[in-house]
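Reviewing the structure listed below.
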């Protein structure tokens with residue numbers, strides 16, 4: 001059924017003008033107390049957040065220890081060595097001559113020695129084996145030689161193989 005434009009029922013509204021503007025009027029009439037409470041809560045949260053940031057920022061952290069804990073597997077050597085990190089810029093070009101790419105000489109041998117190519121294996125004590133990831137059935141050092149488990153520093157092993 002179609003209504004003509006002159007049909008009086010078409011102009012009939014579901015809400016009166018007063019009811020149609022009710023939510024907007026209610027917001028305008030919001031109490032001053034509620035506005036102040038919201039503002040105070042916002043400021044309090046902001047100040048609290050800043051204070052927490054300042055307290056956490058002022059705490060002294062040994063970042064070398066934090067990085068070591070995150071980046072390495074447990075090793076009984078770490079507490080004794082005291083690992084420290086620093087930035088190092090390398091010239092990684094293949095054509096640049098350096099001491100490690102020269103013909104054999106006492107200087108070249110000394111440079112490789114300083115890197116640790118002639119390392120010795122380590123002994124992991126039996127009480128540290130499980131924390132180090134060693135299984136009880138792995139090769140052990142005879143008790144007359146001190147017991148424990150033999151271990152190598154992986155990077156030094158790679159250097160040894162590279163030179164030999």
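Hey, if you drop one equal point scatterer on each alpha-carbon of region 98-163 and run the Debye formula without solvent, what base-10 log of I(q)/I(0) do you get at q = 0.17, 0.18, 0.28 Å⁻¹? Cα-only, vacuum Debye calculation for region 98-163: -0.68, -0.72, -1.17. Note on residue 160 and residue 118: the extension gain reaches 14.4 nm, defined as 0.36 nm multiplied by sequence separation minus the Cα-Cα distance.
With each label modelled as a point 7 angstrom along the Cα→C-beta vector, the residue 109-residue 144 pair spans 3.4 nm.
Ranking of 121, 75, 31 by neighbouring Cβ atoms within 10 Å, starting from the fewest: 31, 121, 75.
Our estimate of slack between residue 70 and residue 127, defined as 0.36 nm per intervening residue step minus the Cα-Cα distance, is 18.2 nm.
Each pair of Cα atoms in region 56-119 enters the Kirkwood radius, and Stokes-Einstein at 10 °C and 1.306 mPa s then converts it into a translational diffusion coefficient of 102 µm²/s. Rounded to 0.05, the FRET efficiency of the residue 63 and residue 93 pair, given R0 = 35 Å and the Cβ-Cβ distance, is 0.70. Shown is the FRET efficiency for residue 12 and residue 35, computed with R0 = 41 Å from the Cβ-Cβ distance and rounded to the nearest 0.05: 0.60.
Rule-based calculations on the coordinates, nothing more; no lab input. In this text, all values refer to a predicted model and were calculated from it rather than measured experimentally. Methodologically, a virtual Cβ is constructed for each residue, glycine included, from the backbone with ideal geometry; neighbour enumeration extends over all protein chains shown.
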